[in-house]
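Please read the structure below before turning to the comments.
The values are calculated or read from the model by the stated rules, or taken from the named source; none is laboratory data. The shown structure was predicted, so the numbers you read here are calculated from the model rather than taken from an experiment. Using ideal geometry, Cβ is built from the backbone for each residue, glycine included, and neighbour counts are taken over all protein chains shown. Note: accessible area is taken over every heavy atom of the protein model, side chains too, but ligands, DNA and RNA are not part of it. Shrake-Rupley method; radii C 1.70, N 1.55, O 1.52, S 1.80 Å.
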Amino acid sequence: MPWENIDANMGRYGALWVAVQTAFGTPAAAPTHALRVRTFLPPTKQYTRTADEYADKSMESKFERVQGLALDTRSLTIEATVRDLALLYQAALGDAVTGTLTPKTGDFAVYAPGVPLTIWQPHPGGHTIAKDVQITSLELTVAARANVTAQIGLGITSVDDLGTLPAAPTISQEVLQFRHFWVKYDGAVMKPESGTVRLTVPMSAVDAAQGLLADDRALAPLGWERSGPRVARIEFATAGTPAALRTGYGVTDPANLKTAEAGFTLPGATPKVLSLKLNPAQVKGHDPSNGLDRFTVSHAIEGVSVDGLPPFSVTIPA
């Protein structure tokens, strides 16, 4: 068995290995990034089944017929690093990592709206490899005095057992932290007490159960298609109410929309900045606390398009 002689304690820590694919349907040759995982994907194939009904008054357990692989969107939690996020944003937006990522308005390929990923998962329950993986959402969570985590929604097209693991890539040490986080709105810089930076790319699986593929893929989806608009959104809490945000909440004319940006600056001899810029942006939430305790305000800002083009971009440090 491919997972014999694996340390049983390995499930307490570990990493997923990923790489971008250059073509849909062809897995990457070797992993390039190791994600610091807090949760794993299922270590075995997950099947959908239906009971084999028969009218003979039997009280025994019935045979269940496998109807396909349960490869809907799955969630993964990692500790966020600059290097890993560059790869993930590239896959979600369909653009190469060249400093500023501008979302592609067309598909990467048929059945692959974003750049597909190959994921290798070393796991004590069984090593697996998944190809043609699509990122359907990417949410950064910034908690007070904590490392930043990223929750990744994945659309998985196929998964197979992996007998031999490839060489492990290096794990990035540039972990994002609460102290690196900042938000800008209309040029004013704020240091929120907490926040989230969310990118959503709605997709629906395209079924392959009609004989469109070879027998070894008959139980799997064919791929993915866009099923809604991309949404880039910033949510954060501040002590008190910044005047610019209070004004922005009441904007009724698109001509008065401002620019917003949320990002992280890693200190050093050459500071590294990773950010999501919304231009134009609309303040869609302004929720002051109404009790007698400490006064805080929750804000929500979303990139909105006034010309049909993507209203956001991502800055990736060199």
* Asked: Given the conditions (1) open to solvent by 40 Å² or more (accessible area, probe 1.4 Å); (2) at pLDDT below 90, and given that Pro27 satisfies all but one, which numbered condition is not satisfied?
  -> (2)
* Hey, could you check segment 47-75 for residues that are basic (Lys, Arg) and not in a strand (DSSP E or B) and say which is modelled with the highest pLDDT? => Lys62
* Asked: Just for segment 245-278: of the residues that are more than 28 Å from the chain's Cα centre (by Cα) and without any contact (Cβ under 8 Å) to a residue 24 or more places away in the chain, which one is least open to solvent (accessible area, probe 1.4 Å)?
  -> Gly250
* Would you point out which residue out of Leu154, Leu140 is more than 26 Å from Gly248 (Cα to Cα) and in a strand (DSSP E or B)? => Leu154
* Structure fact -> Among (1) part of a strand (DSSP E or B); (2) closer than 30 Å to Gly240 by Cβ, Asp160 falls short only on (2)
* Structure fact -> Flagged in segment 287-318 as open to solvent by less than 40 Å² (accessible area, probe 1.4 Å), part of a strand (DSSP E or B) and of a type in the set (Gly, Ala, Ser), in numbering order, are Ala300, Gly303, Ser313
* Asked: How many residues, within segment 170-225, are over 19 Å from Ser313 (Cβ atoms), of a type in the set (Val, Ile, Thr) and either assigned to a loop (DSSP other than H, G, I, E, B) or at pLDDT below 90 (or both)?
  -> 3
* Residues of segment 81-106 satisfying the condition of being of a type in the set (S, T, N, Q) and either in contact with a Cys (Cβ under 6 Å, 6 or more places away or on another chain) or surrounded by fewer than 21 Cβ atoms within 10 Å (Cβ to Cβ) (or both) -> Thr98, Thr100, Thr102, Thr105
* To do: Name every residue in segment 232-252 that is of a type outside the set (Gly, Ala, Ser) and under 14 Å from Gly195 (Cβ atoms), in order of residue number.
  => Arg233, Ile234, Glu235, Phe236, Thr238, Pro242, Leu245
* Asked: Which numbered condition trips up Pro124, out of (1) more than 23 Å from Leu165 (Cβ to Cβ); (2) open to solvent by 10 Å² or more (accessible area, probe 1.4 Å); (3) outside any strand (DSSP E or B)?
  -> (1)
* Asked: Of these, Ala143, Ala109, Ala167, Ala150, which one is surrounded by fewer than 22 Cβ atoms within 10 Å (Cβ to Cβ) and closer than 26 Å to Ala260 by Cα?
  -> Ala143
* To do: Run down Ile129, Ile78 and say which single residue is open to solvent by less than 10 Å² (accessible area, probe 1.4 Å) and modelled with pLDDT of 90 or more.
  => Ile78
